[in-house]
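Colleague: Sharing a structure with you now.
The values are calculated or read from the model by the stated rules, or taken from the named source; none is laboratory data. Since this is a predicted model, take the numbers as computed values, not measurements. In this analysis, Cβ positions are derived from the backbone assuming ideal geometry, glycine residues included, and neighbour counts consider all displayed protein chains.
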């Protein structure tokens, strides 16, 4: 069923995470306009930690807690998107979707678009359900005891249906909070092609498109890029992806002409497997996706066709991520340079750990990294850099990280790095300190019927 009578629909991605490139959406929208025909754009700006931090921001300011770059992302494209009837969807709402909708409305009014219709999707906040203690943790998180920590918030991953409802009610911009990433692509496809919520074959195509596009430039060469081994053209201007979907279930991944990066079999394979724990059963709120039979074909420069995905009935439960205020992270960094830097860095590490012991601070865990000597893959014991026998480095950055029960203990521990400017070894300088709250998460499974959603669609003039 295709109520709009168009067999090809294009979906562009404008962001893959909070903090993505602000200029990335512009060439995507231009490409969609130039191609003609029906299209939509979506922005994926939430991670589990992102929404937890947003909840903390909302505590400090009732009008905060949504994507901080929302206005900057939309300002260059809002007018043209509205003029060409290309709806924009995003989980920009984070912890505060109503405030995000108001921000979009203010931007629309400033750009002379008082009639721009803004859809607001609510219902993902399930804090009360988790607080009541009636939900068992997800099987992967069994054993994580959170009783000692304060619950900040809990948000369920919503599916595509409320987003599609907002589009059906004429929304030009759809603002949501926690959604599944693929849902942002499935929704405009459901709306355009008239897909039913139990058309598992069609929804599998949409979920695959959403999964491939959700991380922005990862499918067009970002992260894939490894100079000298896997080169890409013009990495400073990587183009963000576009999916071309047909009513018959065809799917092609491409990108705007004239942009950097590339789309080939390798980039698509890497993104297809990204974060898939079970390729035969990728769980989304809308469909269980099976990619074990997927085939890829290079159709031309920066064009890869994807086929063979299968869909199975959606889960009866929704995943909900609960965020807790945990302990405190204290960090301190300092540099050592010149001859014998490695020996001085090792001695500095030992001194820092001994100072923590002497002071008796409430430190739950501490580690020292010598950045550049296996810090990324090392353990709390520093085994890699302690056994390092390579060339003597010219300089080393020493990093102390502690987990503490209080902010003050984390702060005092990190200040031991600052003291090294006078108490430390020769050639020590460039100290930097930071203390931040640690956010702990635990996932739960929530019965779908316990997560009702609410959709509101109003013109900007009535929201701003």
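Colleague: Just name the residue that is nearest to the chain's Cα centre (by Cα) out of those in the stretch 186-228 that are assigned to a helix (DSSP H, G or I) and over 27 Å from residue 169 (Cα atoms). Please lay out each step first, then the result.
Modeller: If we filter the stretch 186-228 for residues that are assigned to a helix (DSSP H, G or I), which is where we start, we get 186-193, 200-213, 216-220.
Filter once more, keeping what is over 27 Å from residue 169 (Cα atoms): 212, 216-220.
Details: 212: 14, 216: 10, 217: 12, 218: 12, 219: 15, 220: 17 Å.
Checked the stretch 186-228; the qualifying residue nearest to the chain's Cα centre (by Cα) is 216.
Colleague: Now, a different point. State whether one or more residues within the stretch 11-25 are closer than 19 Å to residue 166 by Cβ and surrounded by fewer than 18 Cβ atoms within 10 Å (Cβ to Cβ).
Modeller: Among the residues of the stretch 11-25, not one is closer than 19 Å to residue 166 by Cβ and surrounded by fewer than 18 Cβ atoms within 10 Å (Cβ to Cβ), which makes the answer no.
Colleague: Could you identify the single residue in 438, 407, 442 that is under 19 Å from residue 326 (Cβ atoms) and touching a helix residue (DSSP H, G or I) at 6+ places or on another chain (Cβ under 6 Å)?
Modeller: Working: 438 fails: touching a helix residue (DSSP H, G or I) at 6+ places or on another chain (Cβ under 6 Å); 407 fails: touching a helix residue (DSSP H, G or I) at 6+ places or on another chain (Cβ under 6 Å).
That would be 442, the only listed residue that is under 19 Å from residue 326 (Cβ atoms) and touching a helix residue (DSSP H, G or I) at 6+ places or on another chain (Cβ under 6 Å).
Colleague: Looking for something closer than 30 Å to residue 266 by Cα and outside any strand (DSSP E or B) - is there at least one such residue anywhere in the stretch 326-344? Explain how you work it out, then say what you get.
Modeller: Of all residues in the stretch 326-344, those closer than 30 Å to residue 266 by Cα come to none.
Checking the stretch 326-344: not a single residue is closer than 30 Å to residue 266 by Cα and outside any strand (DSSP E or B).
Colleague: If you scan the stretch 399-411, which residues turn out to be assigned to a helix (DSSP H, G or I) and either without any contact (Cβ under 8 Å) to a residue 60 or more places away in the chain or over 10 Å from residue 435 (Cβ atoms) (or both)? Even if it seems obvious, please write down each step before you answer.
Modeller: Looking only at the stretch 399-411, we keep the residues that are assigned to a helix (DSSP H, G or I), and these are 407-411.
If the condition is that a residue be assigned to a helix (DSSP H, G or I) and either without any contact (Cβ under 8 Å) to a residue 60 or more places away in the chain or over 10 Å from residue 435 (Cβ atoms) (or both), then 408 is the only one that fits.
Colleague: Identify, from the list 372, 424, 362, the residue that is over 15 Å from residue 334 (Cα atoms) and either over 35 Å from the mean Cα position of the chain (by Cα) or touching a residue at least 12 places away in the same chain (Cβ under 8 Å) (or both). Full working, then the answer.
Modeller: Numbers: 372 fails: over 15 Å from residue 334 (Cα atoms); 424 fails: over 15 Å from residue 334 (Cα atoms).
Unique residue meeting the criteria: 362.
Colleague: Now a separate question. Assigned to a strand (DSSP E or B) and within 25 Å of the chain's Cα centre (by Cα) - does that describe any residue in the stretch 289-299? Explain how you work it out, then say what you get.
Modeller: Our first condition is that a residue be assigned to a strand (DSSP E or B); within the stretch 289-299, this holds for 289-290, 295-299.
Now narrow it down to the ones that are within 25 Å of the chain's Cα centre (by Cα): 289-290.
Scanning the stretch 289-299 turns up at least one residue that is assigned to a strand (DSSP E or B) and within 25 Å of the chain's Cα centre (by Cα).
Colleague: Here's something else I'd like to know. For the stretch 345-378, which residues satisfy the criterion of being touching a strand residue (DSSP E or B) at 6+ places or on another chain (Cβ under 8 Å) and farther than 25 Å from residue 411 by Cβ? Give the steps one after another, and end with the answer.
Modeller: So in the stretch 345-378, the residues touching a strand residue (DSSP E or B) at 6+ places or on another chain (Cβ under 8 Å) come out as 345-346, 348-349, 352-353, 356, 361-373, 375, 378.
Matches in the stretch 345-378: 346, 372, 373.
Colleague: Report yes if some residue within the stretch 238-245 is out of contact with any strand residue (DSSP E or B) (no Cβ under 6 Å at 6 or more places or on another chain) and surrounded by fewer than 23 Cβ atoms within 10 Å (Cβ to Cβ); otherwise report no.
Modeller: Looking for residues that are out of contact with any strand residue (DSSP E or B) (no Cβ under 6 Å at 6 or more places or on another chain) and surrounded by fewer than 23 Cβ atoms within 10 Å (Cβ to Cβ), one finds none in the stretch 238-245, hence no.
Colleague: Any residue in the stretch 108-131 that is modelled with pLDDT under 95 sitting within a Cβ distance under 9 Å of a residue that is buried (at least 19 other Cβ atoms within 10 Å of the Cβ) and in a loop (DSSP other than H, G, I, E, B)? List the pairs, counting only those 6 or more apart or interchain.
Modeller: 125/95; 125/177; 125/178; 126/135; 126/451; 129/135; 129/451
Colleague: Across the stretch 350-388, which residue is surrounded by the fewest Cβ atoms within 10 Å (Cβ to Cβ) among those that are in contact with a helix residue (DSSP H, G or I) (Cβ under 8 Å, 6 or more places away or on another chain) and in a helix (DSSP H, G or I)?
Modeller: Restricting attention to the stretch 350-388, the residues satisfying the condition of being in contact with a helix residue (DSSP H, G or I) (Cβ under 8 Å, 6 or more places away or on another chain) are 351-352, 355-356, 359, 361-363, 366, 368-370, 373-375, 377-378, 382, 385-386, 388.
Restricting the remaining residues to those that are in a helix (DSSP H, G or I) gives 351-352, 355-356, 359, 385-386.
On the way: 351: 17, 352: 25, 355: 18, 356: 19, 359: 12, 385: 21, 386: 14.
So, considering only residues that are in contact with a helix residue (DSSP H, G or I) (Cβ under 8 Å, 6 or more places away or on another chain) and in a helix (DSSP H, G or I), the one surrounded by the fewest Cβ atoms within 10 Å (Cβ to Cβ) is 359.
Colleague: Quick check on the stretch 246-283: of everything there that is part of a helix (DSSP H, G or I) and in contact (Cβ under 8 Å) with a residue 40 or more places away in the chain, which residue is surrounded by the most Cβ atoms within 10 Å (Cβ to Cβ)?
Modeller: From the stretch 246-283, those part of a helix (DSSP H, G or I) are 265-273; that's our starting set.
Next, only the ones that are in contact (Cβ under 8 Å) with a residue 40 or more places away in the chain stay: 266-268, 270-272.
Numbers: 266: 14, 267: 28, 268: 22, 270: 15, 271: 24, 272: 20.
The extreme case among them is 267.
Colleague: Listed residues 54, 34; which is out of contact with any strand residue (DSSP E or B) (no Cβ under 8 Å at 6 or more places or on another chain), part of a helix (DSSP H, G or I) and surrounded by 19 or more Cβ atoms within 10 Å (Cβ to Cβ)? Walk me through how you get there before you give the answer.
Modeller: On the way: 34 fails: surrounded by 19 or more Cβ atoms within 10 Å (Cβ to Cβ).
Every option except 54 fails the conditions.
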